[in-house]
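No lab work stands behind these numbers, since they all come straight from the coordinates. All of these numbers come straight from a predicted model, not from anything done at the bench. We place every Cβ from the backbone using ideal geometry, glycine too, and count neighbours over all the protein chains shown.
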Amino acid sequence: MRILAIGDIVGTRAIKYLRENLWRLRDSRKIDYVIANGENTSEIHGISAADAQALLDTGVDFITLGNHTWNKRDIYPFLDSNGECIIRPANYPGSAPGYGYSIVDIQGYRVLIMNVLGQVFLEPVGDPFDAVEYILAREEGNFDLSVLDFHAEATSEKYAMARVFDGKVDMIFGTHTHVPTADTQILPGGTAYVTDLGMTGPRNGVLGVDAECTIKKMRTHMPAQFTVADGEIKADAVIFETNGTKVTKIERIVF
């Protein structure tokens, strides 16, 4: 079984790019399931219900989110009614719309998909380590494989998460920074890990954002309206290969 995890989707042009390229990749690499972080899909400012559905229509099977989850209010009921294909970070309060994890069927295997938000350099939320421990304990015996999207800023926090749950979560990938890391690995306990997937978006900018407005904000410290950059789009991703109950390979790709 092969699971493709795609880095943060930046802007609606990235949806169009996936619509034109994802199924070709799925066929050529024999991908069984696709997970994508979609929190920047609506022109960097969260994800709307319409854009979430459009992303799912490209060949993405499951969407995870992050700190921009709540930017578009129409996503709230969508999260409540589509927990089988989209989740928000589990360490938001339980009263928040949507779900923090889901168990899906992939090729006859029960796969637990979780999403948590980091605390370092981000808004204060519940402890992400406690959230993962709670989910694993609650669903013990109900899944064959597990996946975690840790949406976090600090590489140290991401790596600490991987060390804590090495051998307990099968696949852990980081999102949020939009910069792909060169540390794909299988840890001693058997967990396949990468610090950050990267992004799916335009390369002619700063992390997918128009370079001019980003630089102006950094140099003047004045408010700026971020817009998606122009130029060529590429997608950063990793492929997890499993034998059904164990990850045997992790491979970084760009398409």
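What the table shows:
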| item | result |
| --- | --- |
| Close pairs from the range 40-66: first touching a residue at least 60 places away in the same chain (Cβ under 8 Å), partner in a loop (DSSP other than H, G, I, E, B) and among the hydroxyl-bearing types (S, T, Y), Cβ under 9 Å, at least 6 apart | E43/T227; I44/T227 |
| Filter pass, I233 being touching a residue at least 24 places away in the same chain (Cβ under 8 Å) and farther than 29 Å from E43 by Cβ | no |
| Residue match in the range 231-250 (condition: assigned to a loop (DSSP other than H, G, I, E, B) and closer than 22 Å to E20 by Cα) | yes |
| Subset of the range 191-207 that is buried (at least 16 other Cβ atoms within 10 Å of the Cβ) and among the polar types (S, T, N, Q) - its residue that is farthest from I253 (Cα to Cα) | T191 |
| Count - residues of the range 72-131 that are in contact (Cβ under 8 Å) with a residue 60 or more places away in the chain and on the phi < 0 side of the Ramachandran plot | 6 |
| Pick from the range 99-148, criterion part of a helix (DSSP H, G or I) and acidic (D, E), ranking: farthest from T245 (Cα to Cα) | D130 |
| Single residue of the range 1-42 satisfying the filter (assigned to a helix (DSSP H, G or I) and among the polar types (S, T, N, Q)) that is nearest to N71 (Cα to Cα) | T12 |
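Okay, residues lined up against (1) surrounded by 18 or more Cβ atoms within 10 Å (Cβ to Cβ); (2) within 21 Å of the chain's Cα centre (by Cα):
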| residue | (1), (2) |
| --- | --- |
| S146 | yes, yes |
| T155 | no, yes |
| I172 | yes, yes |
| A182 | no, yes |
| G189 | no, no |
| H221 | no, no |
| I250 | yes, yes |
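Let's see how each residue does on (1) touching a strand residue (DSSP E or B) at 6+ places or on another chain (Cβ under 7 Å); (2) of a type in the set (S, T, Y); (3) surrounded by 18 or more Cβ atoms within 10 Å (Cβ to Cβ):
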{"residue": "S95", "(1), (2), (3)": "no, yes, no"}
{"residue": "Y101", "(1), (2), (3)": "yes, yes, yes"}
{"residue": "D105", "(1), (2), (3)": "no, no, no"}
{"residue": "G108", "(1), (2), (3)": "no, no, no"}
{"residue": "L112", "(1), (2), (3)": "yes, no, yes"}
{"residue": "F121", "(1), (2), (3)": "no, no, no"}
{"residue": "D130", "(1), (2), (3)": "no, no, no"}
{"residue": "I135", "(1), (2), (3)": "yes, no, yes"}
{"residue": "E139", "(1), (2), (3)": "yes, no, no"}
